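Throughout, read-outs are computed from the coordinates displayed, never taken from laboratory work. Values in this document were obtained by computation on a predicted structure and should not be read as measured data. Positions of Cβ are generated from backbone atoms using ideal geometry, with glycine treated the same way; all protein chains shown enter the neighbour counts.
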Amino acid sequence: MVHTYPREKKQAVIAQVQEGDAVVDVAATSGVHERTIRKWLATAKEGRSLSATRPGSKPFFHQVAEQHLDDWASAGISLIILSSALRSFEKPRR
């Protein structure tokens, strides 16, 4: 079963180990598996964030590319609306 822990809990568990408590003891009292605590310690040592990562697969498009596609689609819709509005002002053809 997958557990997600708030960053504050992760920081508290890491602090206990860094203060000298054994990982096994902290695992028993906190209810967090030993291996998980060791991963958190490694993550903290590397200076990476302890915040939960986004679940699921990575986005298909890079964030900048996705923004460009969104802008492009919005501009396309605006042009369609403008074109339709301009047609309503045209004189009917014979």
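Overview of values
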| item | result |
| --- | --- |
| Failed criterion for ALA75 (all others in (1) more than 19 Å from the chain's Cα centre (by Cα); (2) within 16 Å of HIS3 (Cβ to Cβ); (3) of a type outside the set (Ser, Thr, Tyr) hold) | (2) |
| When residues of segment 50-77 are limited to those that are small (Gly, Ala, Ser) and surrounded by 11 or more Cβ atoms within 10 Å (Cβ to Cβ), the one farthest from ILE14 (Cα to Cα) | ALA65 |
